[in-house]
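Notes to accompany the following structure.
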Amino acid sequence: MTVGDESYGNVPPAVAVEVEMIKNSFSVDKDTLRKITGHFASQLEKGLASYDSEIPMNVTWVTGYPNGKESGSYITVDMGGTNLRVCQVVLTEEPGGHNVAQEKFKLPDNVRGGSADELWGFIADSLDAFLRKYTVKRQSEKLPMAFTFSYPVTQNNIRHGILQRWTKGFDVSGVEGYDVIEQLEQVLQRKNLPVTIVALVNDTTGTLIAGAYKDPEIKIGCIFSTGCNAAYMEDVDSIPKISKSGLRPGTEIAINTEYGAFDNSHHVLPRTQFDHTVDKESTRPGQQTYEKMVAGHYVGELMRLMLVHLHKRAGMFSQSDCSKLNCNNAFDSKILAAIDEDNTESHTGIRDILKRFNIDPTPYELEVCAILAETICTRAARLYACGIAAICQKKRIQRCHVGVDGSMFSNYSKFRKRAAATLREILNWPDGSEDQILLCPAEDGSSIGAALIAALSLRSD
Ligand code: GLC
C-alpha cells in the first residue's frame, strides 16, 4: 500500500504513511533470512557445548525412539498455557495401538501468576478428579505418570528438572531454580494420589517421539502455539557439555532446543518499536526474543499495539471509542489469525471482530487491519522457518518431515503455506521441485508422546 494507491483510495495520507513504515520494518528479505538462519545454526551448536549459552539446548535424557513394542498404562499430565490436560493412555500389545481417555481442566488465571503451592495444588486436585471420574484403579503399585512441563528446565535425568525461567507469560513464584518434579511429587504424596512421576517431558520432545512413532521420517518436533520451540535427536558425541555422562558413544538423545531464546543478545533479528514494547510489557523483559516475534502469546499484542499507534499517531478509528483496544493483550492470536484469514470482499469477519472492541470501522480501517494482520503473520511465518532451517543446516538434514503441533499451525492455513514457502527460499530448492523438508501436523505429543517417553524411561532402567 502506498499513499494514493487506488485500491485504498480513501486511506488518509497520515495513516498510509505509517502503515507503509510498519510494513517496511516488518519485511524480512531472503538475504536476511539466510543470515538469521546461519547465526541460528551456530548458536544451536554453541548451546550443545556450554550450559550458559543463549539457546539452552536442554538435554532431555530421552534416548532413542520407541520401537513399537511399548505397552502398558500411563497417566499423562500436560500443563499447557490455558488448560491442564490429563490422560490415561493405554499402549496396547499390537504395534502402535493405543487407547486414550482424556479430560481438560481450565487453568484459572490466578494460577498463572500465583504461588507454587497454588499451582501444584491445582494440578494435584485436577488429577485426583480425573482418577476418580475414570475410576482408575488405586492398585498397590502406583501408576507411572509423565508430566509434560513445557518450560526450560535443566535435567540431570529424566525424572528431574530445575526450572530455568518461566516463559509464555507464566510467573508463578517459588518455582524458578527448583526441581519441579520434587515440588509436584511432594503434593501428590501429601494427597496420597496413586501415581509416580517417571518422566518430565517437554511438548516438543513429546511431539517428536509421537510423530516419529507414526512417521519415521519425522526428525524434528516443533510447537507453534502460545510459544515456539523445537526438539530433535542429537548424537551424544556432538554434545560436549555431557561428555562425562557415561552414555555409549553413538547414542541418540533428544535435545529440547528452547530456541525461543534465540538472539536475546540482539545480533540479527530485525526488531521494531512494537517488538521493543512487547518485550518491555512482558513478564520477563530481555528473554525469549525470537519467541516474542513469532509465537501466539505475542503476535496479537503486536497487532493491538499497531492499531493503538495508528489511532494516536494518525487518527485511525477516530470515530470510535478505543478504550477496549487500550487494554494490554486484548488481542489474542486467534483474533489475528481470523483477521488474516477473512477472505470476504467486504471484510465482514474483521468488522465483527472490531465490534467486540466497540469499534465501528470504516472501509479503509478494515483494509488496514487486514494488511497489518498479514504483515505480522508473514513475518512470524518467515522467522519461524529460520529455526527449522537452522536445525536442518546444523544437522545437515537434506530431507525430512517435521512434526508440528499447536493451534497456530493446525488452524491457520495461510501460516502453514508461508512457512513452507520460506523454507524453500532459505534452503534454495529448485523451482518446481517438491518440498524436501515437509511440515506435517502432529498432535499427540502430550498424550501418546508423553506415554511413550514414560515407557522408554522404564525400559532403560
Ligand atoms: C516456550 C517454552 C518451551 C515450549 C514452547 C512451546 O518456548 O519455553 O518449553 O516448548 O514454549 O510450548
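Before moving on, here are some points about what is shown:
- For the chain, the solvent-accessible area with a 1.4 angstrom probe is 41 square angstrom per residue.
- Set of lysines near LYS355 by C-alpha distance (under 30 Å), chain-local residues within fewer than 8 positions excluded: LYS23, LYS106, LYS168, LYS280, LYS292, LYS312, LYS324, LYS334, LYS414, LYS417
- Charge tally for ASP405 (other residues, Cβ to Cβ under 12 Å; Lys, Arg +1; Asp, Glu -1): -4.
- Within the chain, antiparallel bridges make up roughly 60 percent of the DSSP beta bridges whose residues both belong there.
- Ligands, DNA and RNA excluded, the heavy atoms of LEU427 present near 50 Å² of accessible surface to a 1.4 Å solvent probe.
- Helix-only arithmetic for the chain: the sum of -39500 (n - 2.57) across DSSP H runs with n ≥ 4, divided by the residue total, places the mean residue ellipticity at 222 nm at -13000 deg cm²/dmol.
- Cα-centre dipole for region 253-380 with unit charges at Cβ (Lys and Arg positive, Asp and Glu negative), debye to 20: 400
- Counting heavy atoms of the protein chains alone, LYS312 has an accessible area of about 150 Å² for a 1.4 Å probe.
- Accessible surface for SER457 stands near 10 Å², nearest 10, in the context of the full protein assembly shown (1.4 Å probe).
- Farthest positive-ward along the chain dipole, Cα basis, beta-carbon charges - from ALA419, ILE223, ALA101: ALA101
- Each peptide in 431-437, 358-364 receives the mean, over its residues, of other Cβ atoms within 10 Å, and ordering these scores from highest gives 358-364, 431-437.
- Summarising the amide proton neighbourhood of ILE220: residues at separation of 5 or more, or on other chains, whose placed amide H is nearer than 5 Å comprise GLY403.
- Remark: region 113-177 carries a charge dipole of roughly 360 debye about the Cα centre, counting +1 on each Lys and Arg Cβ and -1 on each Asp and Glu Cβ.
- The label-point distance for THR32 and SER115, in a model that sets each label 7 Å from Cα toward Cβ, rounds to 4.7 nm.
- Packing order of peptides 284-292, 223-231, highest average first: 223-231, 284-292 (average count of other Cβ atoms within 10 Å over each peptide's residues).
- Distance (nanometres) between label positions extended 7 Å along Cα→Cβ at THR154 and ASN343: 5.0
- Largest-first ordering by accessible area, 1.4 Å probe, given options GLU281, GLU93, GLU365: GLU93, GLU281, GLU365
- Against the chain, whose longest principal axis comes from its Cα atoms, helix 296-314 is set at around 20 degrees.
- Multiplying the residue separation of ARG271 and THR251 by 0.36 nm and removing their Cα-Cα distance gives an extension gain of 3.3 nm.
- In plain terms, the chain from ARG356 to LYS280 could stretch by 24.7 nm, reckoned as 0.36 nm per residue minus the Cα-Cα distance.
- Dipole check for the chain: with +1 at the C-beta of Lys and Arg, -1 at the C-beta of Asp and Glu, and the Cα centre as origin, the magnitude is about 640 Debye.
The values are calculated or read from the model by the stated rules, or taken from the named source; none is laboratory data. Treat the numbers as computed from the prediction; the structure is a model and nothing was measured. Cβ coordinates were reconstructed from backbone atoms using ideal geometry, including for glycine residues, and neighbour counts include every protein chain displayed. For accessibility, only protein heavy atoms count, side chains too; no ligands or nucleic acids. Shrake-Rupley method; radii C 1.70, N 1.55, O 1.52, S 1.80 Å.
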